[in-house]
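Chemist: Would you mind keeping the following structure in view while I ask a few things?
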Amino acid sequence: MQAGGNMETLRSRLRGVVARQGRRVARITGVDDEIRALHDRVAELEREVQESRLLNQRLAELTDVVSEVLVPAADRDDKKLAELLGTYNRDSF
Amino acid sequence: MGAAAVDQDGVRVAAGQESVVDVHFDDQWVWSFNAERDTQLAEGRRIARWPVNLRPFLRGTGQVMVRERFGEQVLFVGDVVFDESDHRVKIVDGQGRPLIVDKGGDMQCGFSERGEATREALLDAIEDVLAKMRDEGGVDAFLAFGALLGAVRDGHFIPHDSDADVAYLSKHHSPVDVARESFALERIMIRAGYWTWRFSAADFKVIVPDPEGGRAIDIFTGFVVDGTFYLMPEVHAEDFDPGVILPIGEIELEGRKVRAPAKPEALLEITYGPHWRIPDPSFKFETPHWVRRRLDGWTRGNTSNRGHWWPFYFGKAGSTVSEQPSPFAEWVHEREPATAAVVDIGSGTGRDSLWFARQGHGVLGMDYIPAATDRAGKTAAAEGIPARFKTLNLYDVRQVLGMGGELAHRDEPPTLYARFLIHALEDAGRHALWRIASLCLRRGGRFYLEFRTDENATAEKVYGEHFRKYLPGDVVAAEIESWGGQIEHREEGYGFAVYKDEDPHVCRLVATWKR
């Protein structure tokens, strides 16, 4: 048990030393700047992905208006179109 | 130190406390929380803060008991003083019925407290809604979530549940088509006379009138994209077998046969996890990040700031708004002919809309929170004044084009009015507002706007801090011009919109879009 405990302490210290030295090397070589820049880039990409996903909803909404209102509007009857818009707004949401 | 302590902030349990903890007031179970998940570490203990919607009930003194749900241990019993008043804490609704905090954090009256007439009305409506979805909507819908769980467990609604859930498996695999199908289903429900409220592009609520004021049936879409099954609002399953749902079967609920998925137990495991058989009122979905982002991106693009305004108008805060007209409304009334029809966008409690109607203007008031438009509409009907109210979500393209088109077809162009709306909108909502104006003011009419400017950003507000976008008057004016409008009047400064202790720096604009 004692030997195992000492070994674990040693390992833990070693991990600390490696981590500290790793950070130092990263700072000196500029790798940490690169990691920060990559973090920012991932965040930006996530925003861009969400913007693209949102287009699904916008396209669905637009298509709904086109199919329910704009297609029947081809009849060119203004009175009917006004009624249709009223019905669309009343029945759709 | 006891096993738990209770004060004005919440319930404090030991740092090592595990599992689900129930909170009772007198002998009434009110709320449950998960001691590990729903708490924060503070001074060596875990604190579960009172849910926002429970807080208004915590006045005076209350008898509180805190106990483990799955153990025998009572962690706290005693009187708790919440404030100096003489009140005795009662967690009940206006009719004296016990309320509980549901998994969404809302105060609900569970099925166990409701009369048989209410349950029967809801069951009738479930059958009607499921039949209409199949016969008119062409989708095979079935009981889901809590209603299915209750039916599988013992053939009854879950006592603390308060509404019913149905779902269907869409045959579409593109979020665009899934949304369009859901829009079409909502039209079927509205045409059948139901009142609806949409939560996302793939789930909406149908309100069923009943002797106790109305219950909800939530209609959730399930759909498969790239082999992954998504069930709104939070559920997913990879490598999904459609045989879990199809062919549709039946299950008994409150003595009736109701449409159910082919393998109810399998769907419940997908929904609630492997421990779905153990009742846990503190249950919350643990949705993976990648699932939530997909569902948010595909379906929840129209919910900006609803988290603030929904409880504001559904709760008690909305009733603290003055019923007197704003100085801006009086100013607009003086400038417009008495016959001008006013369209108030972002009408809130209807404070200004109702006042315009009392002066004889025909008024259409619109806001995106139904509790706001509903309450204002009832006031208008009771007073017999010419104001009607409708929900309008400026982030929904359908509503913007639909309402803009309808207003454009009016015989006389309206007077558009938007007070304290601009700073409450994200960019997309503001642009939608300009689109509506450009559609309906082409033949005349003016747009009156009053909003907080950037000079108001750091000032203290009567209603505290929440999302506001403070734009300089210059920026808004330039944006209106870029959308084809012309600025006819502009002034800004202090003293225009004094409210209680607040005198915000505001900008007033009058714009036209005449071609």
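The values are calculated or read from the model by the stated rules, or taken from the named source; none is laboratory data. The structure displayed is predicted, hence computed values, not measured ones. Every residue, glycine as well, gets a Cβ built from its backbone with ideal geometry; the counts of neighbours run over all protein chains shown. The accessibility values were calculated without ligands, DNA or RNA, using every heavy atom of the protein model including side chains. Shrake-Rupley method; radii C 1.70, N 1.55, O 1.52, S 1.80 Å.
Chemist: Please report the carbon-and-sulfur percent of the accessible area for the range A:2-91; probe 1.4 Å, protein heavy atoms only, DNA, RNA and ligands left out.
Modeler: Numbers: 4010 of 6750 Å².
That share works out to 59 percent.
Chemist: Here is a further query. Taking the alpha carbon gyration tensor of the range A:2-91, what are the square roots of 5 times its eigenvalues, largest first, to the nearest whole Å? All intermediate terms of the calculation are to be shown ahead of the outcome.
Modeler: Values: eigenvalues 876, 60, 10 Å².
They are 66, 17, 7 Å, listed largest first.
Chemist: I would also like to ask the following. Which percent of the accessible area of the range B:64-114 is formed by carbon and sulfur heavy atoms (probe 1.4 angstrom)? Please report the intermediate quantities before stating the final value.
Modeler: Working: 1280 of 2800 Å².
Using a 1.4 Å probe with all protein chains present, the range B:64-114 comes out at 46 percent carbon and sulfur.
Chemist: FRET efficiency for B:V475 and A:L10, Cβ-Cβ distance as r, R0 = 45 Å, nearest 0.05? Walk me through the numbers before you get to the answer.
Modeler: Working: r = 62 Å, r/R0 = 1.39.
It comes out at approximately 0.10.
Chemist: May I have the count of lysine pairs in the range B:369-515 with C-alpha atoms under 22 Å apart, counting pairs 8 or more residues apart or located on different chains?
Modeler: Lysine pairs meeting both conditions in the range B:369-515 amount to 4.
Chemist: Taking every DSSP beta bridge that has both residues in the range B:137-273, what percent is antiparallel when rounded to the nearest 5? Please report the intermediate quantities before stating the final value.
Modeler: Details: 26 of 32 bridges.
Once the DSSP bridges in the range B:137-273 are tallied, antiparallel ones form about 80 percent.
Chemist: In addition: For the residue pair A:L70 and B:N305, what label-to-label distance in nm results when each label sits 7 Å from Cα along the Cα-to-beta-carbon direction?
Modeler: 2.9
Chemist: Right, another one. Along the charge dipole of the range A:2-91, Cβ charges K/R +1 and D/E -1, which of A:A26, A:S52, A:V71 sits furthest on the positive end?
Modeler: Most positive-ward Cα: A:A26.
Chemist: Quick check: residue separation of B:D411 and B:R442 times 0.36 nm, minus the Cα distance between them. What number comes out in nm? The partial results should precede the final answer.
Modeler: On the way: separation 31, 0.36 × 31 = 11.16 nm, distance 1.21 nm.
Using 0.36 nm per residue and subtracting the Cα-Cα distance, I get 10.0 nm.
Chemist: Can you give the accessible area of A:L55, probe radius 1.4 Å, in Å² rounded to 10?
Modeler: Surface open to solvent at A:L55 totals about 110 Å².
Chemist: A follow-up question, please. Take every Cα-Cα pair in the protein assembly as shown and report what % of them are more than 35 Å apart.
Modeler: Beyond 35 Å sits 51 percent of the P(r) for the protein assembly as shown.
Chemist: Could you tell me the accessible area of B:W31 in Å² (1.4 Å probe, neighbours in place), rounded to the nearest ten?
Modeler: 20
Chemist: Can I ask one more? Would you mind computing, in nm to one decimal, how far apart the modelled labels at B:K514 and B:H489 are, each placed 7 Å from Cα along Cα→Cβ?
Modeler: Placing both labels 7 Å along Cα→Cβ, they lie 1.5 nm apart.
Chemist: Would you kindly find the accessible area of B:W331, with a 1.4 Å probe and non-protein molecules such as ligands, DNA and RNA excluded, rounding to the nearest 10 Å²?
Modeler: 40
Chemist: Let me ask something additional. For a label point 7 angstrom out from the Cα of B:D374 toward its Cβ, which stretches of the range B:190-219 have the backbone nitrogen within less than 13 Å?
Modeler: B:195-198, B:205-210, B:212-217
Chemist: Here is a follow-up. What fraction of the DSSP beta bridges in the protein assembly as shown is antiparallel, stated in percent and rounded to the nearest 5?
Modeler: On the way: 72 of 95 bridges.
So the antiparallel bridges amount to about 75 percent of the total.
Chemist: Classify the range B:156-207 as rounded, prolate or oblate, taking a ≥ b ≥ c as the square roots of the eigenvalues of its Cα gyration tensor: rounded when a/c is under 1.5, otherwise prolate if a/b is larger than b/c and oblate if not.
Modeler: Working: a/c = 2.47, a/b = 1.48, b/c = 1.67.
Judged from the Cα gyration tensor, the range B:156-207 comes out oblate (a/c at least 1.5, b/c at or above a/b).
Chemist: Which GluC sites (Glu not before Pro) from the range B:202-287 combine a DSSP loop assignment with at most 14 other Cβ atoms within 10 Å?
Modeler: For GluC sites (Glu not before Pro) across the range B:202-287 that sit outside H, G, I, E and B with at most 14 neighbouring Cβ atoms in 10 Å, the list reads B:E238, B:E286.
Chemist: Could you give the distance between the Cα centres of the range B:273-305 and the range B:124-177, to the whole Å?
Modeler: Value for the Cα centre distance between the two parts: 18 Å.
Chemist: Quick one: if you stick a label point 7 Å off each Cα along the C-beta vector at B:A338 and B:D135, how many nm between them?
Modeler: 5.3
Chemist: If packing is taken as the mean number of other Cβ atoms within 10 Å per residue, what is the order of B:451-457, B:322-328, highest first? Walk me through the numbers on the way to the answer.
Modeler: Values: B:451-457: 19.4, B:322-328: 15.1.
My ranking of the peptides, most packed first, is B:451-457, B:322-328.
Chemist: Counting pairs of alpha carbon atoms under 8 Å apart in space and at least six apart in sequence, what relative contact order in percent does the range B:328-447 give? Don't jump to the answer; show the numbers that get you there.
Modeler: Values: 199 pairs, mean separation 29.8, N = 120.
Dividing the mean separation by the residue count of the range B:328-447 yields 25 percent.
Chemist: Based on the Cβ-Cβ distance from B:Q95 to B:E330, what FRET efficiency comes out when R0 is 35 Å, to the nearest 0.05? Write out the running numbers ahead of the final one.
Modeler: Details: r = 39 Å, r/R0 = 1.12.
Taking R0 as 35 Å, the efficiency between B:Q95 and B:E330 is 0.35.
Chemist: Right, another one. Pop the C-beta distance of B:D128 and B:V291 into the FRET formula with R0 = 35 Å and round what comes out to the nearest 0.05. Walk me through the numbers on the way to the answer.
Modeler: Details: r = 32 Å, r/R0 = 0.91.
Computed FRET efficiency for B:D128 and B:V291: 0.65.
Chemist: Let me ask something else. With both bridge residues required to lie in chain B, what share of the DSSP beta bridges run antiparallel, to the nearest 5%? Walk me through the numbers on the way to the answer.
Modeler: On the way: 72 of 95 bridges.
Expressed as a percentage, antiparallel bridges in chain B total about 75.
Chemist: Using alpha carbons only, how many degrees (0 to 90, rounded to 10) separate the axis of helix B:145-154 from the longest principal axis of chain B?
Modeler: Roughly 20 degrees, rounded to the nearest 10.
Chemist: When the accessible area of the range B:470-515 is computed with all protein chains present and a 1.4 Å probe, what percentage of it is carbon and sulfur?
Modeler: Details: 1120 of 2300 Å².
Taking all protein chains in place, the range B:470-515 shows 49 percent carbon and sulfur surface.
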